[in-house]
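This report concerns only the one structure given below.
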Amino acid sequence: MRLYPERHPYLPKGCGNCDMRLNLAFDAKSEKCKACEEINRQKRIAINRKKYEELKKDPDYKDVEFNEVNGGLKASHIGHNFDKKGGVYELQVQNAGYKAGHAVILENEKNGDVGQRFTEGLWDSKHFEVAGCETGSANNILRGLKHCASKRKTEVAVIVLPYTDFDKEIFETAINRFKGLKKLNDGQYLKFNKIICVHDQILVYTTDKT
């Protein structure tokens, strides 16, 4: 007596056990969807609270903070390399993610293997890399995405626009041009789990897999 089978693409994946990649069946007015969203929010807060308890006891991490309301978590490993320029962008990204309820941990960048290229750390448990784009042109954003892709463990690419307002059309043009690099098969392209844009320490754009 069902119009659609459980795995039909019009339905949320598993509904009450979905992964929050909500699709055509999501209804912001639905009590079931609201309940699902709240359950997942509480799960995320619980996970981040547990991680916070671990990190605040670890002498290798500093500036450990947790937001009880939205689950935001931030911490920095004492071995993280904050250079004069890029370090400012990393902290802006960390603060933006923290304010939005994400776990942003800047990890150790020392004592690696010869030639090892570290990502900045973990964004919700996924390796992330930051690129500062001082102009918001499509060319500059493309260069930023290519920088993130050069760290081959990167799962979340974060573009910082420190001086230029966010323009969705330009940003998505840059993403599409980046996707076009895939056919070249020359190592410039990398499939990201997310692409995020930060401006004025606020998450202004997030897109799932490229």
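Give the stretch 189-200 a look and list any residue that's crowded, with 21+ Cβ neighbours inside 10 Å and in a loop (DSSP other than H, G, I, E, B), or say none.
Selection gives 190, 192.
How about the stretch 92-120: which of its residues are over 14 Å from the mean Cα position of the chain (by Cα) and closer than 20 Å to residue 144 by Cβ?
109, 117, 118
Would you be able to say whether some residue in the stretch 149-159 is within 19 Å of residue 95 (Cβ to Cβ) and either assigned to a loop (DSSP other than H, G, I, E, B) or open to solvent by 40 Å² or more (accessible area, probe 1.4 Å) (or both)? If you could, list the steps in order and put the result at the bottom.
If we filter the stretch 149-159 for residues that are within 19 Å of residue 95 (Cβ to Cβ), which is where we start, we get 156-159.
In the following step, the residues that additionally are either assigned to a loop (DSSP other than H, G, I, E, B) or open to solvent by 40 Å² or more (accessible area, probe 1.4 Å) (or both) were identified as none.
Scanning the stretch 149-159, I find no residue that is within 19 Å of residue 95 (Cβ to Cβ) and either assigned to a loop (DSSP other than H, G, I, E, B) or open to solvent by 40 Å² or more (accessible area, probe 1.4 Å) (or both), so the answer is no.
Here is a check on your reading of the model: is residue 134 of a type in the set (Asp, Glu), open to solvent by less than 60 Å² (accessible area, probe 1.4 Å) and in a loop (DSSP other than H, G, I, E, B)?
No, not satisfied.
Tell me the residue from 94, 116 that is closer than 19 Å to residue 153 by Cα and at pLDDT 95 or above, please.
On the way: 116 fails: at pLDDT 95 or above.
Testing whether each residue is closer than 19 Å to residue 153 by Cα and at pLDDT 95 or above leaves just 94.
Test residue 203 against the stated conditions and say whether it is among the aliphatic types (A, V, I, L, M) and surrounded by 20 or more Cβ atoms within 10 Å (Cβ to Cβ).
The answer is no for residue 203.
Name the pairs whose Cβ atoms lie under 7 Å apart, with the first residue in the stretch 75-102 and open to solvent by 10 Å² or more (accessible area, probe 1.4 Å), the second part of a helix (DSSP H, G or I), and 6 or more positions between them or separate chains?
Here the result reads 82/90, each pair linking the stretch 75-102 to a residue that is part of a helix (DSSP H, G or I).
Check whether at least one residue in the stretch 17-29 is of a type outside the set (S, T, N, Q), modelled with pLDDT of 80 or more and closer than 27 Å to residue 157 by Cα, and report yes or no.
Within the stretch 17-29, none of the residues are of a type outside the set (S, T, N, Q), modelled with pLDDT of 80 or more and closer than 27 Å to residue 157 by Cα.
Evaluate the stretch 171-188: report whether one residue or more is of a type in the set (Ser, Thr, Tyr) and part of a helix (DSSP H, G or I).
yes
The values are calculated or read from the model by the stated rules, or taken from the named source; none is laboratory data. Predicted model, so just to flag it, every value in this text is computed and none were measured. For neighbour counting, all protein chains shown are included, and Cβ atoms are generated from backbone atoms with ideal geometry for every residue, glycine included. When the accessible area is computed, the model is the full protein with side chains, heavy atoms only, and any ligands, DNA or RNA have been set aside. Shrake-Rupley method; radii C 1.70, N 1.55, O 1.52, S 1.80 Å.
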